[in-house]
């Protein structure tokens, strides 16, 4: 790969090399053994590993070769797929750490750019390192003009997430020959390129959907300021930087930067295990994030609050949420990992007040959200099930106050999570032993069947293929 023209890559890459080695996961020695007894009475010893924090894990990589058995764990609720040095969640305590730092501390004292640096290099930057790093990030926010033409090919009513999947995947067409994924320095440069360009791609997707002219990034603005500038400025008016809004958005970016091995992160890792182009891997992650069970929850919360309408309706809707016969769900409550209050939600609640006060928006929807939270947390149904507010509960309220349309909510999530995705990919690529991801299955289909020649087959009456109904055929 050709040497980067930017100060950061030229002046500091060699000095960072030894520090970056700390970000490579190192497998600890087994701390114990677990004995598994099989149905035939045979036993097998399996090594047990203990990480820096968290529950111990039983290593089952040799289970099949030793026993002829596989394990079944749909949804991977009890399965660890990798080792990682990046993020740690204690769901019972409501704790989230980025490389050992509590998220509340980072949200209060740090910035998104510092968190990006922390994830890439394993430590927080000095003032000089931070300045050079952000200068490089801003200088990399420009995208190829040919890629801008790509936006024009989408339908005018295209969902911004559909555009993001396409344009991020298209980055692989512009960067596929001049880097080596096995070179740590090239992986670092790829990470900077991706994270820097994501706000630009998102802003262009937003403006394309609205038919607005493209606004190029400007080096006089910071990374977060540039995102707001590209989203909301117009050629006819001067752009004003609002420190409260910038801080709010910067904090939201930090809160969503990484979150262990969720669906989209695991998708990035699985795609990356085949040595696919890293930008294609990120596009795969965006696709997974698009699902309403993953990235679309904040939009669902906002819609739910609008449906509830006022505080007087809260008891009625909580009863609906508790009823098995009602399809209503209390969105923004509960989490696959957290069995306590999501620490990010506490930060977001405070941020809501600041943003609504600054934007002069009515606090009605925030007051409704707080009342809903307080009422639910006093209800035995939610207490017993450990259903607490998560970060999505307040995020949508802030976005709406910032005039970000609901169709862009998940796009915002993708921009924020890009640093986590690409650093998880970097971490995976840094491991000495790499294996392509290949889950097993419990086959419950037909046993081996005798082949019947077509002239002897009878028509099945159980189902009618959709292609036999001409009325459902649609042209794209």
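The values are calculated or read from the model by the stated rules, or taken from the named source; none is laboratory data. Worth saying up front: this structure is predicted, and the values here are computed from it rather than measured. With ideal geometry, Cβ positions are generated from the backbone for all residues, glycine too; neighbour counts draw on all protein chains shown.
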Original post:
If you go through the stretch 232-287, how many residues are in contact (Cβ under 8 Å) with a residue 40 or more places away in the chain and more than 26 Å from residue 95 (Cα to Cα)?
Top reply: 17
Subject >> Matching entry among 84, 65, 78 (being without any contact (Cβ under 8 Å) to a residue 12 or more places away in the chain and part of a loop (DSSP other than H, G, I, E, B)) >> reply: 78
Original post:
Within the stretch 264-280, can you find the residues that are within 14 Å of the chain's Cα centre (by Cα) and surrounded by 19 or more Cβ atoms within 10 Å (Cβ to Cβ)?
Top reply: 264, 265, 267, 268, 269
Original post:
Does residue 142 satisfy the criteria of being assigned by TED's automatic domain parsing to the domain that holds residue 215, surrounded by fewer than 16 Cβ atoms within 10 Å (Cβ to Cβ), within 24 Å of the chain's Cα centre (by Cα) and modelled with pLDDT of 95 or more?
Top reply: yes
Original post:
Of these, 199, 213, which one is in the same structural domain as residue 274 (by TED's automatic domain parsing), out of contact with any strand residue (DSSP E or B) (no Cβ under 7 Å at 6 or more places or on another chain) and surrounded by 19 or more Cβ atoms within 10 Å (Cβ to Cβ)?
Top reply: 199
Subject >> Of all residues in the stretch 37-50 being at negative phi and part of a loop (DSSP other than H, G, I, E, B), the one that is surrounded by the most Cβ atoms within 10 Å (Cβ to Cβ) >> reply: 50
Original post:
Among all residue pairs at least 6 apart or on different chains, which show Cβ distances below 6 Å where the first residue, located in the stretch 414-437, is at positive phi and the second is surrounded by 24 or more Cβ atoms within 10 Å (Cβ to Cβ) and modelled with pLDDT of 95 or more?
Top reply: none
Original post:
How do the pairs read when you match residues in the stretch 169-180 that are assigned by TED's automatic domain parsing to the domain that holds residue 279 with residues anywhere that are at pLDDT 80 or above and in a loop (DSSP other than H, G, I, E, B), using Cβ under 6 Å and keeping only pairs 6 or more apart or on different chains?
Top reply: 172/277; 174/144; 176/277
Original post:
Right, residue 347: in a helix (DSSP H, G or I), within 21 Å of the chain's Cα centre (by Cα), within 30 Å of residue 110 (Cα to Cα) and not assigned by TED's automatic domain parsing to the domain that holds residue 242 or not?
Top reply: yes
Subject >> Count of residues meeting criterion [touching a residue at least 40 places away in the same chain (Cβ under 8 Å) and either more than 26 Å from residue 114 (Cβ to Cβ) or within 25 Å of the chain's Cα centre (by Cα) (or both)] in the stretch 200-229 >> reply: 16
Original post:
Given the conditions (1) part of a loop (DSSP other than H, G, I, E, B); (2) in contact with a strand residue (DSSP E or B) (Cβ under 9 Å, 6 or more places away or on another chain); (3) within 25 Å of residue 391 (Cα to Cα), which single one is not true for residue 60?
Top reply: (3)
**OP:** Could you list, in sequence order, all residues of the stretch 310-348 that are at pLDDT 90 or above and on the phi > 0 side of the Ramachandran plot?
**Re:** none
Subject >> Residue check for residue 248: in contact with a strand residue (DSSP E or B) (Cβ under 9 Å, 6 or more places away or on another chain), within 28 Å of residue 98 (Cβ to Cβ) and buried (at least 21 other Cβ atoms within 10 Å of the Cβ) >> reply: no
Subject >> Residue list for the stretch 160-187, filter: within 25 Å of residue 407 (Cα to Cα) and at pLDDT below 90 >> reply: none
Original post:
Any residue at all in the stretch 418-426 that is in a loop (DSSP other than H, G, I, E, B) and touching a helix residue (DSSP H, G or I) at 6+ places or on another chain (Cβ under 8 Å)?
Top reply: no
Original post:
Since residue 53 meets every condition but one in (1) in contact with a strand residue (DSSP E or B) (Cβ under 6 Å, 6 or more places away or on another chain); (2) surrounded by 12 or more Cβ atoms within 10 Å (Cβ to Cβ), which condition does it not meet?
Top reply: (2)
Original post:
Can you tell me how many residues in the stretch 284-305 are within 20 Å of residue 268 (Cα to Cα) and surrounded by 24 or more Cβ atoms within 10 Å (Cβ to Cβ)?
Top reply: 4
